[in-house]
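Asks: Got a structure for you, questions after.
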Amino acid sequence: MSAVDPQAANPQATDTADALRQRAAELDAADPLAGYRGHFIGTDTDLSYLDGNSLGRPLKRTSGDISTFIHEGWGGRLIRGWDEEWLDLPQAIGDQLGRAVLGAAPGQAIIADSTTVVLYKLIRAALAAVTDPERTEIVLDTDNFPTDRYLVEGIAREEGLTLRWIDADPASGVTLDQVREAVGPATAVVLLSHVAYRSGFLADLPGITAAVHDAGGLVVWDLCHSAGSVELELDACGVDFAAGCTYKYLNGGPGSPAFAYVNARHLGGLSQPIWGWMGRKDAFEMGPGYEAAPGIRGFLSGTPAIFGMIAMRGTLDLIEEAGMPAIREKSRRLTAYALELYDAWLAPAGVKLATPRDPELRGSHITVDHPAFREVTAALWEKDVIPDFRAPQGIRIGLSPLSTDFAEVHRGMDAIRSLLPAG
């Protein structure tokens with residue numbers, strides 16, 4: 001790839017680069033969460049990992065936790081482990097997740113399935129709770145994550161419902177005003193992402209939730225890109241349902257199970273559509289017929305994925321120790337510094353910003369666009385700089401607050417600058 005290094009021929013650019021590098025050092029020195037980075041594998045190398053919003057780094061303790069589980073739990077207790085601990089893990093870790101991350105009282109969150117399956121359960125349960133036959137519309141947006149859109153399209157076809165699409169700006173996201181215009185007497189359920197997967201736009205969760213309720217509908221929030229990086233107060237905001245993955249900012253590992261949140265006011269008598277043995281009352285009775293377990297446990301279906309839950313425990317412990325307010329503040333500072341580097345290096349080279357500048361309107365990643373970024377991303381990966389490419393021409397720079405430092409952001413953005421084509 002033909003590229004130009006503007007610093008080579010421009011002393012002023014060199015001075016700017018030095019100042020930005022010094023700025024990173026100062027930010028790292030002042031960072032109250034700096035010590036948490038050392039808990040993660042690979043952070044003692046020069047690799048620049050800018051994709052924590054897709055897959056988080058593993059904790060160093062995770063290998064020990066998994067080894068202990070294999071030798072002492074699985075290998076030592078064998079099948080006894082189900083009665084002694086494992087059957088309770090989905091709700092026990094769900095409660096810790098609720099306490100540390102979601103702003104949820106005990107008994108409303110559970111670890112289960114994949115995000116796709118959890119969202120299907122929640123949307124179908126929400127629709128079943130709507131008793132007004134005139135409410136026949138599901139509201140969603142055109143730029144939501146593909147799984148969310150595909151699921152709702154399939155459910156609408158199954159149930160004979162109508163889709164009402166919000167035309168979201170890919171460079172921002174769904175606004176409160178758009179939701180107010182879309183909802184009304186026909187609204188049954190609204191499905192939205194709290195942080196837009198493409199742009200990083202942070203939706204007004206409290207305001208939108210209230211607007212949906214004012215219209216008589218129920219809301220399901222996808223928290224995949226906010227859980228663990230953005231403060232959440234699901235109970236206080238009156239959220240009905242929420243789902244999210246655990247392999248991004250919660251560091252559960254590839255394919256680690258998702259989580260479901262169901263507000264306590266909906267748990268009594270609510271029915272989810274995938275009836276499996278683990279969600280049945282008295283699961284080991286193995287009897288005829290299905291009667292759901294009471295409370296959030298009724299949202300289980302099959303055998304829980306224990307390995308992924310063990311892996312995420314370490315991060316939940318760190319989050320409880322650090323506190324989500326401090327984590328969110330670090331997220332703001334990381335993305336603000338990334339924007340400083342964008343302004344200095346990438347904007348002059350014709351790169352476009354596809355993320356809001358207001359820190360209160362973005363999550364923990366920024367997206368920048370350029371026609372060469374597909375090829376640039378491939379070259380970056382060869383240089384141990386790992387952002388995420390999103391078609392047609394976007395690079396997402398995902399900054400995980402506990403494991404990313406400012407020097408790492410500097411190295412990664414500098415590498416992007418150096419690979420931009422001349423001209």
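The values are calculated or read from the model by the stated rules, or taken from the named source; none is laboratory data. Nothing here was measured: the structure is a model prediction, and the numbers come from that model. Cβ: placed from backbone, ideal geometry, glycine included. Neighbour counts: every protein chain shown.
Asks: Check region 4-18 and report whether any residue there is among the small types (Gly, Ala, Ser) and at pLDDT 95 or above.
Replies: No, region 4-18 contains no residue that is among the small types (Gly, Ala, Ser) and at pLDDT 95 or above.
Asks: What residue, of Ala336, Ala293, is of a type outside the set (Phe, Trp, Tyr) and not assigned by TED's automatic domain parsing to the domain that holds Asp143?
Replies: Ala336
Asks: If Ala260 satisfies all but one of (1) surrounded by 24 or more Cβ atoms within 10 Å (Cβ to Cβ); (2) of a type in the set (Gly, Ala, Ser); (3) in a loop (DSSP other than H, G, I, E, B), what's the number of the condition it fails?
Replies: Going through the list (1) surrounded by 24 or more Cβ atoms within 10 Å (Cβ to Cβ); (2) of a type in the set (Gly, Ala, Ser); (3) in a loop (DSSP other than H, G, I, E, B), Ala260 breaks only (3).
Asks: When region 295-323 is examined, which residues are found to be in a loop (DSSP other than H, G, I, E, B) and out of contact with any helix residue (DSSP H, G or I) (no Cβ under 8 Å at 6 or more places or on another chain)?
Replies: Residues of region 295-323 in a loop (DSSP other than H, G, I, E, B): 300-305, 323.
Residues satisfying the conditions are Ala305, Gly323.
Asks: While we're here: Please count how many residues of region 226-257 are in contact with a Lys or Arg (Cβ under 9 Å, 6 or more places away or on another chain), more than 19 Å from Phe40 (Cβ to Cβ) and not in a strand (DSSP E or B).
Replies: 4
Asks: With the requirement that a residue be in contact with a Phe, Trp or Tyr (Cβ under 7 Å, 6 or more places away or on another chain), crowded, with 24+ Cβ neighbours inside 10 Å and of a type outside the set (A, V, I, L, M, F, W, C), what does region 226-254 give you?
Replies: Result: Gly228, Ser229, Gly244, Thr246.
Asks: Check whether at least one residue in region 359-371 is among the charged types (D, E, K, R), farther than 15 Å from Gly200 by Cα and either touching a helix residue (DSSP H, G or I) at 6+ places or on another chain (Cβ under 8 Å) or buried (at least 24 other Cβ atoms within 10 Å of the Cβ) (or both), and report yes or no.
Replies: no
Asks: Can you tell which of Gly76, Gly56 is of a type in the set (Gly, Ala, Ser) and outside any helix (DSSP H, G or I)?
Replies: Gly56
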